[in-house]
């Protein structure tokens, strides 16, 4: 049956829960493209025959093949686009540097897209209202309290808070720190927010 | 949330030419934020509010530097700054999300708008949307489209990317009384009818019906 490979691509993404990025299925894409090439060539020769010899009985099969071509195109672009949306979500989750195990699942063009997206987003944030700009990937949750209890997950060395006090972030030590100073470190995995 | 800001902002605002007080400014920001968060479509940009709030935040940060350490007032103001910054970031984020989600439609709307009409995108957002479109097109072309048969090498993104669903229902609160709002039928056996929206009343309606009222500020989404 035609189009089975492309449906398989869509199913693959649907099976995997949102926010996860499976490995880029280069082989699947290649097979769909090959199928499209074959369909297209067959159609070309049938069209010529239908025109040259007036064989109107070929027209239904030409139409069928054309529909399959369109469907394949649509499935492949949907597959690629859905992956882009997942990659976009990763930028907001992990920041501008992706963990290597995720990069491993992306093809080189996807990496290019990601880098360009990063750049566009950075340009946007820099140009928001005034010279300094605003990092809108911060402050993801409404602030509840000024200070939060954090635990150090790895040695990070000395850390200066706003009023000039320097504290030593040692592994397994616990601190009570201003939230706006730790948000970044929490996302980097240096600190952990202790919920009591 | 704006109470603590007002006593601090009042002495700075004298020098500025606009008459908006910080309280009004924050109220405006909150309104824009809630409307944007709950509407299915991208609303007009409020870049002047964004700029003013950014300025206000910088002022407050600067004022905080002068307060002596351990002052109770300082931590209250710090909390205030955090809250305002959250609202502002969240507002810009939800706009950006919509731009990304509906980019072909957003750009089409922006480019077909007549001169003099208010623009939906701020210049920064417009630049972002253009880059996003170009980036995505380049990507699709490089990976798949250029390997396809010659008649299938383009994709009409306007058709392929879903449009904002204007028929989704939204909660709203009426700020200015509206008479004779036309409600279109939902099913074939219903007829269209008119409702009056009393000031202060709350409703659940389709966004399409009240979209113009949201942009004039006569109703708020909640």
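Just so you know, all these numbers are worked out from the coordinates, no wet-lab data involved. Note that the coordinates shown come from a computational prediction; the quantities given were computed from them, not determined experimentally. Glycine also receives a Cβ, built like all others from the backbone with ideal geometry; neighbour counts cover every protein chain displayed.
When the convex hull of its Cα atoms is viewed from all sides, region B:116-192 shows a mean projected area of 10.6 nm². Partner shielding of A:46-54 amounts to 0, given as the average count of beta-carbon atoms from other chains within 10 Å of each residue beta-carbon. Build a GNM of chain A with springs between Cα atoms under 10 Å apart, and of A:119, A:144, A:171 the one that fluctuates most is A:144. Answer rounded, prolate or oblate for region B:157-222, using the Cα gyration tensor with square roots of eigenvalues a ≥ b ≥ c: rounded when a/c is under 1.5, else prolate when a/b is larger than b/c, else oblate. Taking the square roots of the gyration eigenvalues as a ≥ b ≥ c, region B:157-222 is oblate. Across all C-alpha atoms in the protein assembly as shown, the radius of gyration and Dmax reach 27.0, 94 Å. Give the residues of region A:153-174 whose amide nitrogen is closer than 15 Å to a point set 7 Å from the Cα of residue A:194 in the direction of its Cβ. Once the point is set 7 Å along Cα→Cβ of residue A:194, A:153-154, A:168-174 turn out to lie under 15 Å by backbone N, inside region A:153-174. Counting beta carbons within 10 Å around each of A:66, A:193, A:175 and listing the fewest first gives the order A:193, A:66, A:175. Based on C-alpha pairs under 8 angstrom that are at least 6 apart in sequence, region B:165-222 has a relative contact order of 49 percent.
Helix A:4-15 axis versus longest C-alpha principal axis of chain A: approximately 20°, rounded to the nearest ten. Given axes a ≥ b ≥ c from the Cα gyration tensor, I'd like to know whether region A:92-196 is rounded (a/c under 1.5), prolate (a/b larger than b/c) or oblate. Note, shape of region A:92-196 comes out oblate.
Can you pull the mean other chain C-beta count within 10 Å for peptide B:89-100?
Working: counts 9, 5, 1, 6, 5, 0, 1, 4, 2, 0, 1, 5.
So the per-residue partner count for this stretch is 3.
Looking only at other chains, what is the average number of their beta-carbon atoms within 10 angstrom of each beta-carbon in A:133-140? Could the numbers behind the result be given before it?
Working: counts 2, 8, 2, 9, 2, 3, 10, 4.
Averaged over the peptide's residues, the number is 5.
In this simple spin-label model, placing a label point 7 Å from the Cα along the Cα-to-Cβ direction at both residue A:10 and residue B:202 gives a separation of 4.0 nm. Using a ≥ b ≥ c from the Cα gyration tensor of chain A (square roots of the eigenvalues), is it rounded, prolate or oblate, where a/c under 1.5 gives rounded and otherwise the larger of a/b and b/c decides, a/b for prolate? Verdict is prolate for chain A. The stretch between residue A:67 and residue A:48, if pulled fully straight at 0.36 nm per residue, gains 5.0 nm over its current Cα-Cα span. Computed from Cα atoms, the angle from the helix B:207-216 axis to the main principal axis of chain B rounds to 40 degrees. For chain B, the relative contact order is 21 percent, taking Cα pairs closer than 8 Å that sit 6 or more residues apart in sequence and dividing their mean separation by the residue count. Placing a label point 7 Å from the Cα of residue A:123 along the Cα-to-Cβ direction, the residues of region B:97-138 with a backbone N closer than 15 Å are B:122-138. For chain A, a Gaussian network of Cα nodes joined below 10 Å ranks A:106, A:140, A:125 by mean-square fluctuation, and the top entry is A:140. Relative to the first principal axis of the alpha-carbon coordinates of chain A, what is the inclination of helix A:26-53, with its axis defined by its Cα atoms, in degrees from 0 to 90 and to the nearest 10? The answer is roughly 30 degrees. Here the residues A:24, A:104, ranked from fewest to most Cβ neighbours within 10 Å of their Cβ, fall in the order A:104, A:24.
What is the P(r) of region B:73-222, as percent of Cα-Cα pairs per 10 Å bin from 0? In whole percents, the pair-distance histogram is 9, 25, 27, 23, 12, 4, 0.
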